[in-house]
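Reading through the structure tokens given below for one structure.
The values are calculated or read from the model by the stated rules, or taken from the named source; none is laboratory data. Here the structure is a predicted model, which means the values were calculated and not measured. Cβ coordinates were reconstructed from backbone atoms using ideal geometry, including for glycine residues, and neighbour counts include every protein chain displayed.
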Amino acid sequence: MAAVTLSELTKVYPNGFEAVTDLSLSLADGEFLVLVGPSGCGKSTALRMIAGLEKITSGDLFVGERRLNDVAPKDRDIAMVFQNYALYPQMTVADNIAFPLRLRKVRKTERNEQVRQAARVLELTDYLERKPAQLSGGQRQRVAMGRAIVRRPELFLMDEPLSNLDAKLRVQMRADIAGIQREFGVTTFYVTHDQVEAMTMGDRVAVIKDGLLQQVDTPEDLYARPANAFVAAFIGSPSMNLYEATLSRADEPDGDCLLTLGDQRVTVPASVIAAQPALAEYLGRPVVVGIRPEHLEDAAVATEHPDDQRIDAVVDVREALGAETLVHFNLNAQAVDSGDPDALDEMRDTGRCTARFAAATRARVGDRIRVNVDVRHLRFFDRHSHEAIAAAAS
Ligand SMILES: Nc1ncnc2c1ncn2[C@@H]1O[C@H](COP(=O)(O)OP(=O)(O)O)[C@@H](O)[C@H]1O
Ligand SMILES: [Mg+2]
């Protein structure tokens, strides 16, 4: 176990392509850090530099006190679990798990004890004498974890280890891996493109795009205070709605502001503006406003809401999910491309603005409805840089 520091790690491939740029991250001893981003953004490259499978072009890698840049992979005290966990088909589960210990010439009694202990945590005790072919996908994945765990490495690296499993098993394994990691307390660097996986598993989550780190935070802070429009759209499902808008001082003397969104206006009370001091500079200027789907509610369901904090909408698509109903409608305002391809597609395909209404909503396709906007939770971004405006002040 060890703390891990990545200091301005950069990877330029031989063809000149820069896949990772100045990546700086610190993992505390025992921490579970998830690196998440769209496909092709440099996640595996970063992980492979840590493993020693790709040469670091520039920057420094420390595990504990040791600088590992030029240490061969086999001399790094690191264990990896991949998407394609290669188990030895002719060996039993017990022998598969014990394999790294055998390589290290650990004595048989100790080997057996370690395998037994790992099997208990991994819930594989009843399967130790089976061959991999007689196991389910999830069990095989746990055997691969077991093989990594018994080595007691300083650091675990996992590259999308769940992407070959079906959806239900994936949910179970997320919890299992997080639990196993806690039990053993091994510092873990986990890579995935799946933001739900990242949010549910990580102590902290690092978001990367085009080889550039966007934000590192706890899942809660990442969701509540995204550093820029990309993170705002990438984290959370359905995505945050992002529009070009203008914020201006209302005529009244009480300091309230008006958010102009296409041809509609929403009052943003002075107290909300005061809570985000950096907004003062943006009054009268174009901004990007972010509205999470759960901060929009059917006015017919939630009747207690100031009428000047509502917008009009015509229901375009309705998806009743049981516990809630997703309602999509068009806002006559310019949607913003956050740089997350999935998020923009979602906006295009489904009528752009997505709201998560309580299941009690009676809104049907074609209905003209009023929608409550929970203005306390609006996020604002600079129109040009797409950086969060609130974050700039702190
Ligand atoms: N050996 C290589 N030579 C050149 N480019 C590469 C090489 N390996 C990966 N890349 C490119 O680097 C980028 C990042 O790849 P990768 O780290 O595998 O992304 P991710 O794991 O986030 O999907 C991609 O654009 C990929 O095409
Ligand atoms: Mg990858």
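Among the residues of segment 15-37, how many are touching a helix residue (DSSP H, G or I) at 6+ places or on another chain (Cβ under 7 Å) and either within 11 Å of ligand 1 (Cβ to nearest atom) or not β-branched (V, I, T) (or both)?
Here is the first cut: in segment 15-37, the residues touching a helix residue (DSSP H, G or I) at 6+ places or on another chain (Cβ under 7 Å) are 19-20, 23, 32, 34-37.
This time we only want the ones that are either within 11 Å of ligand 1 (Cβ to nearest atom) or not β-branched (V, I, T) (or both), so: 19-20, 23, 32, 35-37.
Going through segment 15-37 one residue at a time, the tally reaches 7.
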Quick count over segment 167-209, residues being more than 15 Å from the chain's Cα centre (by Cα) and within 13 Å of ligand 1 (Cβ to nearest atom), is 0
Being of a type outside the set (G, A, S), in contact (Cβ under 8 Å) with a residue 40 or more places away in the chain, more than 24 Å from L35 (Cα to Cα) and assigned to a loop (DSSP other than H, G, I, E, B), is that true of even one residue in segment 182-198? no
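Would you check if there is a residue in segment 163-172 being assigned by TED's automatic domain parsing to the domain that holds V93 and modelled with pLDDT of 90 or more? Can you show your working first?
Taking segment 163-172 first, the residues assigned by TED's automatic domain parsing to the domain that holds V93 are 163-172.
Add one more test, that the residue is modelled with pLDDT of 90 or more, and what stays is none.
For segment 163-172, residues assigned by TED's automatic domain parsing to the domain that holds V93 and modelled with pLDDT of 90 or more: absent.
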One residue from D166, D176, D194, D159 being surrounded by fewer than 22 Cβ atoms within 10 Å (Cβ to Cβ) and under 20 Å from L53 (Cα atoms): D159
Which numbered condition trips up T5, out of (1) within 16 Å of ligand 1 (Cβ to nearest atom); (2) modelled with pLDDT of 95 or more? (1)
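Residues checked against (1) assigned to a helix (DSSP H, G or I); (2) of a type in the set (A, V, I, L, M, F, W, C):
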residue	(1), (2)
A79	no, yes
V106	no, yes
T109	yes, no
R130	no, no
G146	yes, no
F156	no, yes
